[in-house]
1. Suppose the chain between Thr26 and Glu105 were pulled fully straight at 0.36 nm per residue; how much longer would it get relative to their current alpha carbon spacing?
2. Return the calculated 222 nm mean residue ellipticity for the chain, to the nearest 500 deg cm²/dmol, obtained by summing -39500 (n - 2.57) across DSSP H runs with n ≥ 4 and dividing by the residue count.
3. Within 10 Å, count the other beta carbons around each residue, average over each peptide in 124-131, 165-172, 100-107, and list them highest first.
4. At a temperature of 37 °C and a viscosity of 0.692 mPa s, determine how fast region 42-142 diffuses translationally according to Stokes-Einstein, using the Kirkwood radius over alpha-carbon pairs as Rh; express D in µm²/s, rounded to the nearest whole number.
5. Over the chain, what percent of the accessible surface lies on carbon and sulfur atoms, probe 1.4 Å?
6. Rounded, prolate or oblate: pick one for region 1-67, where a ≥ b ≥ c are the square roots of the eigenvalues of its C-alpha gyration tensor, a/c under 1.5 means rounded, and failing that, prolate if a/b is larger than b/c, else oblate.
7. With label points built 7 Å along Cα→Cβ from the Cα atoms of Arg178 and Ser159, find their separation and express it in nm.
8. For the pair Glu140 and Tyr95, how long in nm is the line joining their label points, each one 7 Å along Cα→Cβ?
Amino acid sequence: MTDSHADTRTLVLLRHAKAEQGSEGTDDAERPLSARGEADAAAAGAWLAHHDLLPDVVICSTARRTRQTWHGVAMGMAGSPPEGGPTGPRPTVRYEPGAYDAHPEELLSLVRTADSEARVVLLIAHNPGVSLLSAFLDPETADEEGLRTAELAVHRSVSAWTEWGRGGAPVAQRYTARG
């Protein structure tokens, strides 16, 4: 590993996995994942483990579907074949009410509070905020339609978390569970 690589910080943006449709009178924040969403979250976790993108810090919206997405991702990381589960310390998980229905600036503010020693931060949030944050960090590769459910956008920068800003963290990798 080169010194410059050791200084790289990686932000993995994840739009929550597919949720059940809400019914009248159901609080949107309480919608659970669908069966497809559960499978896609686990697949995203396995992909993260396979690409050595195990988070040091997880920032997760408090909505039910984002918490369930994190659970599925964690299970996918732990059981990723063929090597077995990941090794190392468990991430610090922060459930943030402010990540629900947040604007990209609010999500970036949450990222900027990550421990300065953290090398990989996983942010699990909602559209449009999470997609707009990805576009803000890398306007060159912004997708008009934004992140799909359970889609990962991996951004990298050598800047400290507190210095992340517009155009300063290009997308290095993407993953979508379903084509």
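The values are calculated or read from the model by the stated rules, or taken from the named source; none is laboratory data. Source: prediction; values computed, not measured. So basically every Cβ, Gly included, is an ideal-geometry build from the backbone, and we count neighbours across all protein chains shown. What goes into the accessible areas is simple: the full protein's heavy atoms, side chains included, and nothing from ligands, DNA or RNA. Shrake-Rupley method; radii C 1.70, N 1.55, O 1.52, S 1.80 Å.
1. 25.6 nm
2. Taking each H run of at least 4 residues, the total per residue is -9000 deg cm²/dmol.
3. Peptide ranking by packing, descending: 124-131, 100-107, 165-172.
4. Calculated translational D: 234 µm²/s.
5. 49 percent
6. Taking the square roots of the gyration eigenvalues as a ≥ b ≥ c, region 1-67 is prolate.
7. The two pseudo-label positions are separated by 3.5 nm.
8. With each label point 7 Å from Cα toward Cβ, the separation is 3.9 nm.
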